[in-house]
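Each remark here refers to the structure printed beneath this line.
The values are calculated or read from the model by the stated rules, or taken from the named source; none is laboratory data. Computed from a predicted model, the values in this text were never measured in an experiment. Backbone-built Cβ (ideal geometry, glycine too); neighbour counts: all protein chains shown.
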Amino acid sequence: MSLLDSSLWLRLVQDAAPLLPQPGYLAVLRHAGWALVLAALLSAGAQLFSTRRLRDAGGLLAWTMALWAWVPGPWGLSYWLGLAFQTPSLMAMALSLYYLWQRLAQRKWPHTVKASSLVSSAQRSPWIYRYAVLGMALGCLLMLDTFAYLPLALYAWGFSPLAYALCLLLALVPWVLGARMSQTAPATVLFLVLAVFGFTRWPTGNVWDAVLDPWLFVGLHIYLVARYRAHHRE
């Protein structure tokens, strides 16, 4: 009998009764998640315009869409996005909140916060790039698991405490290696996301759903391509 077929491996990979989130909070989480993600995406897109008027119009659109996501029922945007994409991951929500806070800080305290793009910030903090590559690799493995190309059920392993412990270990790696606090922003966000997941099991009880979702997976590709192009322009 091979290792993959042994009962010990199955016990390590899968839980018979995984911890699941309280269903009563999922509707609120879906509204809040899509509001944050839409506000961050549209606000980032608005910064691509060259004129102040278009940037302000894009910012107004971002907050309008975020408010629309809070409308309950079929009239709300999160209802239709939820049908197609379920709930954003905790990581996508945390990164969106972090970006919106940075934008607010740049507007309110421009002399204390340096304006920087994600690409330039990654050059100062290599851990952003490393976690982005790690997230893209995880997304590719989960995609292969969806089509049953892997010898184990990787997504099902996300319900196991071992998968959660592995993610916690990865979040602590920069501090173990002695990275400076200014370089550990992605690790801090990941650690906070995992802490919230540990108490709430949001959004599905599977740790992979907490740290990655399809929108974030696509966003990691766009970010890495942009960083690659910026690196070769230098």
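Brief remarks follow.
- Elements of type helices (runs of 4 or more DSSP H) in region 156-234, at least 3 residues being farther than 24 Å from residue 23 by Cα: 161-176, 185-200, 214-233
- Condition met for residue 186 (farther than 23 Å from residue 37 by Cβ, in contact with a helix residue (DSSP H, G or I) (Cβ under 6 Å, 6 or more places away or on another chain) and not assigned by TED's automatic domain parsing to the domain that holds residue 33): no
- Of all residue pairs spaced 6 or more apart or on separate chains, those with beta-carbon atoms under 6 Å, a first member in region 188-205 that is at pLDDT 90 or above and a second member that is charged (D, E, K, R) are 203/209.
- In summary, residue 151 fulfils each of the numbered conditions (1) modelled with pLDDT under 90; (2) surrounded by 15 or more Cβ atoms within 10 Å (Cβ to Cβ); (3) part of a loop (DSSP other than H, G, I, E, B) with the single exception of condition (2).
- Restricting 173, 218 to those that are surrounded by fewer than 18 Cβ atoms within 10 Å (Cβ to Cβ) and over 15 Å from the mean Cα position of the chain (by Cα) reduces the list to 173.
- Candidate set: region 193-213, residues that are within 13 Å of residue 93 (Cα to Cα) and either of a type in the set (D, E, K, R) or surrounded by fewer than 19 Cβ atoms within 10 Å (Cβ to Cβ) (or both); chosen: the one nearest to the chain's Cα centre (by Cα): 213
- Every residue from region 18-62 that is under 30 Å from residue 161 (Cα atoms), at pLDDT below 90 and in contact with a Phe, Trp or Tyr (Cβ under 7 Å, 6 or more places away or on another chain): 18, 21
- Here is the figure for region 62-86: residues that are farther than 21 Å from residue 104 by Cα and either free of Cβ contacts under 8 Å to residues at least 24 places away in the same chain or loosely packed, with under 13 Cβ neighbours inside 10 Å (or both) total 9.
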